[in-house]
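All remarks here apply to the structure that follows.
The values are calculated or read from the model by the stated rules, or taken from the named source; none is laboratory data. What you see is a predicted model; the values in this text were computed from it and never measured. Cβ: placed from backbone, ideal geometry, glycine included. Neighbour counts: every protein chain shown. All accessible areas refer to the heavy atoms of the entire protein, side chains included, with ligands and DNA or RNA removed. Shrake-Rupley method; radii C 1.70, N 1.55, O 1.52, S 1.80 Å.
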Amino acid sequence: MKKTFSPLLLFSLVILCAREKTAPDYPIQPVPFTYVQLTDSFWSHRLEINREVTIPSALRKCEKTGRIRNFEIAAGQQDGEFQSPYPFDDSDVYKIIEGAAYSLATFPDEKLSAYLDSLIAKIAAAQEDDGYLMTWRTINPNKPPTEWSGSAERWSDIGGGHELYNAGHMYEAAVAHYQVTGKRNFLDVAIKNADLIYNTFGPGKLMQPPGHQEIEIGLVKLYRVTGEKKYLDLAQFFIDQRGNSAGHELYGAYSQDHRPIFEQNEAVGHAVRAGYFYSGVADVAALTGEQAYIDAIDNIWENVVSKKLYITGGIGARRHGEAFGDNYELPNANAYNETCAAIANVMWNFRMFLLKGESKYIDVLERTLYNGLLSGISLEGDTYFYPNPLASDGVAAFNQGATTRKEWFNCSCCPSNISRFIPSLPGYFYAHRDDTIYVNLYAASHAQVELKSGLVQISQETDYPWDGRIKLIVKPEKVTHFIVKLRLPGWSQHQPVPGDLYTYIDTESSAIELTINGQLQKTDYHNGFLKMTREWQSGDTIELSLPMRVHKVEAHVAVAEDSGKIALERGPIVYCAEAVDNFGKVTNLALDPGSDFLSDFFEYVLNGVVVVRGFAARTDKNSQLQDFRAIPYYAWNHRGVGEMAVWLPMALFR
Ligand code: FUB
Ligand code: ZN
């Protein structure tokens, strides 16, 4: 097995453990991404593309668009004006550094490491003496880039200005860089800034919460790495101030600032802000042990999964305000579904799992990951969707003026977010608690899990998501008693999502098969996991077979846009029909919910995908049948522009 962590990383993990051992935390701990090596053909290729294409091209874009020069100008190293369009453009640089740091952990690269150091030196030089860091204001406080950036005064528009949002991304990046390299150059910049913010905000000081959440997550990471409780206190303060009119004029539902978190039970407003907010609340709940936070995000989560979640796992239906719509408001062609919101949804659901240990959260995470998140980046890794609609007429320029993925955007939050998310993905696969290993996601991989009773190596062999056969080889250092929990995906249990928002029309179910060393096991199923407790010996082999049938899905009757329609999915993958596979059109097609669909793996199509095929009726030709093909939704829009649909009308074939 390839060694995936360095002495430097170990050093920083030691610091991490410096926090009081008895302090509350997530009851379940993720196996860090540095202890998980993906060896599969689906994700490991994506990580490679991220390293070789996405990060370098995003850095080039930051150079070309002035995002990096902004730091040089603020540092006095260059003359000029703030160059990019938005006050939060510094955050793109931070996010890409975060992604590059994750990437360095598994693929050491001297050149990239040196480049990051040079960027960090510019960032440090751009920081004002007291820790303030926001390049446009340092460059020329009298020239705000937008009307909502605030005035020359620092903190003059906490609701719109994004000073605290930028800071949060800086902390995340600095912590990642420190954990991977052991160098303090970026961490010290982050700490200096966080100390300034701590001295500026709080009871008796400025009382406003940030307009755009993010700093809460960053502060918690800073707390974890430094052990400085004041950063956790500040994160909690910002969470408690939201919706609290004592101390600031409420920003309203757009920023989830309409009422205190404890009184919220519906997901509203800007979806990325919401997803980061709920993630931050989960972090603070875990670290303070405050149950009321958990109750609040539980209620909001129920609302999202039962009324506001796309079948692709996307959230944030409305373009206007980049926001959640009303309950069951899930339009297809006009779906917004920002890529960043999908990332936020994954972050939030993972935290919910760490709090509660139930697989339904990973069901939502997996659905989002393979569909509404992955669609955000091209197979080549250098073009992106900002919105991720579920239908296209091939004409409307839904992607910020384009019908295809774009290389960059004026507001480029999504590309930089993807570049940091992909290399962190191995960290979502496994988790542990005391003497239990959770296997959450499936892909060929090796992991090293530290249980109370000792170290366990675990390897997966599988062709998931195309094939449902999964083999796990468990290797404890010595014969040891512990528990292995394998997630049984909701889609394999006729429950595509928790709740009744989507259901399978087909009722036929195939049995799940579970063996250990070839012996069929009676399944002990709890909270969505198959539980196996025994004295494990090195080489014990678990085999799980999940049925990979093509399912026909129906949406809740209240979803007007999906009424009378079906969608297709197989395993965790949601399918869509594209014109290029269906004689040039899809808006003239209907599917028979009673007919069967077959699936075949095509190695040379779209980097290797399972294609679903069957027959469709031509609604414009007296229901004449024709061959029908559907491809994974994440891979659409790679073979020219044309019609696409996830949901197709139902018709009974004669
Ligand atoms: O405001 C910063 C980022 O820009 C948001 O998260 C995105 O939705 C985009 O508006
Ligand atoms: Zn975005």
Under the rule rounded for a/c under 1.5, else prolate if a/b exceeds b/c, else oblate, using alpha carbon gyration tensor axes a ≥ b ≥ c, the range 31-428 is classed as rounded
Nearest 10 degrees, 0 to 90: what angle lies between the long axis of helix 339-356 and the longest principal axis of the chain (Cα atoms)? 90
If you fit an axis through the alpha-carbon atoms of helix 90-106 and take the longest principal axis of the Cα set of the chain, what angle between them do you get, 0 to 90°, nearest 10? 60
Distance between the range 195-253 and the range 352-374 - C-alpha centres, whole angstrom: 27
Over 27 Å between Cα atoms: which of LYS183/LYS452; LYS565/LYS585; LYS531/LYS565; LYS122/LYS192 fall into that group? LYS183/LYS452; LYS531/LYS565
Burial order of peptide ranges 499-507, 607-615, 641-649 (average beta-carbon count within 10 Å, highest first): 641-649, 607-615, 499-507
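Going by a ≥ b ≥ c, the root eigenvalues of the Cα gyration tensor, does the range 58-125 fall in the rounded group (a/c under 1.5), the prolate group (a/b larger than b/c) or the oblate group?
Numbers: a/c = 2.50, a/b = 1.74, b/c = 1.44.
The shape class here is prolate.
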Order by accessible surface, 1.4 Å probe, largest leading, for residues LYS452, LYS585 comes to LYS452, LYS585
Assuming 0.36 nm per residue, please report the length gained on full extension of the stretch ASP129 to SER306 beyond their Cα-Cα distance. 58.8 nm
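Packing-wise, with mean Cβ within 10 Å as the measure, how do 618-625, 172-179 rank, highest first?
Working: 618-625: 12.2, 172-179: 26.8.
Put in order of decreasing packing, that is 172-179, 618-625.
Based on the Cβ-Cβ distance from LEU598 to GLU147, what FRET efficiency comes out when R0 is 60 Å, to the nearest 0.05?
Working: r = 56 Å, r/R0 = 0.93.
The calculated FRET efficiency here is 0.60.
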Lys and Arg at +1, Asp and Glu at -1: add these up for the other residues within a Cβ distance under 10 Å of SER245 and post the number. -1
Taking the chain as the reference, fit the longest principal axis to its C-alpha atoms, fit the long axis of helix 163-181 to the helix C-alpha atoms, and give the angle between the two in degrees, 0 to 90, nearest 10. 80
Taking the Cα centroid of the range 537-589 and of the range 405-426, what is the distance between the two, rounded to the nearest whole Å? 26
Reachable aspartates and glutamates from LYS356, criterion Cα separation under 19 angstrom, eight or more residues apart if same chain: ASP25, ASP283, GLU290, ASP295, ASP298, GLU302, GLU366, ASP434, ASP435, ASP524
MRE, 222 nm, helices only [DSSP H, n ≥ 4, -39500 (n - 2.57), over the chain, to nearest 500]: -10000 deg cm²/dmol
Once you have the Cα-Cα distance between LYS205 and ASP393, take 0.36 nm times their residue separation minus that, and quote the gain in nm to one decimal. 62.4 nm
If packing is taken as the mean number of other Cβ atoms within 10 Å per residue, what is the order of 433-439, 483-489, 397-403, highest first? 483-489, 433-439, 397-403
Quick one: net charge around HIS551, please, counting Lys, Arg +1 and Asp, Glu -1 for every other residue with C-beta under 12 Å from its C-beta. -2
Between ALA246 and SER156, what's the calculated FRET efficiency when r is the beta-carbon distance and R0 is 30 Å? Round to 0.05. 0.90
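Under the 0.36 nm per residue contour assumption, what length would be gained going from the current alpha-carbon distance of GLU450 and HIS320 to full extension? Could you put the intermediate results ahead of the total?
Numbers: separation 130, 0.36 × 130 = 46.80 nm, distance 4.62 nm.
Length difference between fully extended and current span is 42.2 nm.
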Could you tell me the distance between the Cα centroids of the range 108-179 and the range 387-402, to the nearest Å? 32
Give the calculated FRET efficiency between HIS526 and VAL557 to the nearest 0.05, with a Förster radius of 25 Å applied to their Cβ-Cβ distance. 0.20
